[in-house]
Amino acid sequence: MRPRIAGLAVLAGLPAVLVLAGCSIGDIRRTPPERAVQPTDAAVPTSGPGAVDRRPMRVPVPAYYDTPYIEFDNANHGYALFAGCLSSPPAAGDSVVCPPLLFATFDGGESWQQREHPAPYVAEHSMLVGYGSVVLSAGDDWYRSLDGASTFTRSAGSDGSMPPEFAMVDGPYQVCCQTDPVPKVVEATEQGMVPLAEQPQIPVVQTIGHLGGKLTVAGLHEGRLHVAFGALVATPDDRGVFETGWQWQTDAIAIAEPDQIRRVVVQVAPSGERWLIAERERGEFPLVWRINGTQLEHLPVGDPPTGVVSVLPDDGRLLVTTRTGAWAVGADGRLEPIYWPVRGGAYLTRLRDGTVLASRDGGVLLGPAQPSGAGWVQISWAPS
């Protein structure tokens with residue numbers, strides 16, 4: 001779940017780890033990815049194949065507010081939360097010096113509509129966006145909207161954590177719970193988190209990726225990387241009635257220097273191609289495997305870049321951003337620069353519709369991940 005930082009909305013990260021009914025309850029907020037580093041080469045091409053459609057946010061926000069946290073659910077639907085101030089406003093005496101300001105867009109940042117924040121007089125705020133919903137935290141309370149932030153439903157989580165009934169914001173399948181002795185694969189429903197009846201037979205579950213009726217689950221345990229591949233299969237019972245359940249196949253490989261791996265992540269490309277990323281120390285190039293059926297195929301990289309900020313699988317290649325540029329790693333492990341306007345430490349994620357979201361301080365870029373770099377949109381706010 002998302003850790004809360006006073007006056008700041010933090011970036012989204014791994015799939016949420018939420019409370020199961022009957023599970024032990026602890027601090028289960030999501031760990032965010034690293035904040036994009038301060039750009040060292042933030043120039044954006046204005047002509048040629050990398051031309052960018054600039055869409056500045058023209059919203060009624062006082063200049064003393066800090067830059068907003070911007071997140072999108074797809075290429076059209078997005079939200080901006082202003083949750084902090086760089087300096088004190090001219091007026092004094094308000095119970096909250098800088099009340100949060102919330103805006104929504106439904107045309108890819110061309111225009112923004114201000115929305116009423118459900119709890120503006122609370123000091124700490126954060127925002128999550130995904131799967132058709134926007135979830136706000138305010139103090140110990142949580143608010144969810146399914147209608148573009150027009151209306152919100154309030155709920156209070158245990159120990160300040162996000163209520164299980166709001167978990168769908170992080171996807172239909174998740175890993176729960178890090179505070180439990182044995183984390184499980186669960187399905188997020190409106191009633192909460194429901195463990196799958198057929199769990200993968202691997203020693204530890206740490207990450208999950210899904211597309212359609214297929215799941216890929218992985219975990220690092222005692223120097224070996226364990227992976228389970230799940231598929232929904234209908235089988236007849238003794239009466240000839242078909243029942244649908246999860247069937248799993250597993251694989252495991254040894255990893256050299258496993259103590260240097262800080263986390264493993266399953267990622268799925270738009271085509272359904274699955275990748276397994278074992279992240280090492282910050283800035284180091286990760287260990288990477290493509291998943292072929294139920295087999296792991298290591299991707300060798302002869303001369304990996306340094307200062308790695310993020311990696312994102314694309315169809316047949318791996319996209320990489322560093323502090324100074326963007327790169328593509330092909331199936332043969334060759335590294336080639338790509339002409340993208342995401343230089344300067346942008347952090348890449350992928351939206352549900354396949355759009356690439358590049359986050360960096362002061363705004364985001366939305367792009368179709370074409371090799372040419374065409375079709376990108378830059379959305380940013382600059383105080384007037």
| query | Based on the Cβ-Cβ distance of Arg54 and Asp140, what FRET efficiency does E = 1/(1 + (r/R0)^6) give at R0 = 56 Å, to the nearest 0.05? | reply | 0.90
| said: Need one number: convex hull volume per residue for the stretch 202-274, Cα atoms only, in Å³. | reply: 97 Å³
| Rough spin-label spacing in nm, given labels placed 7 Å along Cα→Cβ, for Asp361 and Asp332 | 4.0 nm
| request: Would you mind calculating the gained length between Gln201 and Glu257 on full extension (0.36 nm times residue separation, minus the Cα-Cα distance), in nm to one decimal? | output: 17.7 nm
| Any idea how far apart Ser111 and Gln191 come out in nm if each label point goes 7 Å out from Cα toward Cβ? | 4.2 nm
| message | Just to be sure I understand the model, the point goes 7 Å from the Cα along the line to the Cβ. What's the resulting Thr153 to Thr179 distance in nm? | response | 2.3 nm
| said: How large is the convex hull of the C-alpha atoms of the stretch 277-369 per residue, in Å³? | reply: 101 Å³
| request: Write down Rg/Rh for the stretch 139-278, rounded to two decimals, with Rg from the C-alpha atoms and Rh from the Kirkwood relation over Cα pairs. | output: 1.03
| request: Specify the inter-centroid distance of the stretch 58-87 and the stretch 248-296, based on alpha-carbon positions, in whole Å. | output: 34 Å
| Difference of contour (0.36 nm per residue) and Cα-Cα distance, Ala231 to Ala63 | 55.3 nm
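Each value in this text was obtained by applying a stated rule to the coordinates, not by laboratory testing. Since we're looking at a predicted model, the values are computed, not measured. Ideal geometry is used to build each Cβ from the backbone, glycine not excepted, and the neighbour counts take in all protein chains shown.
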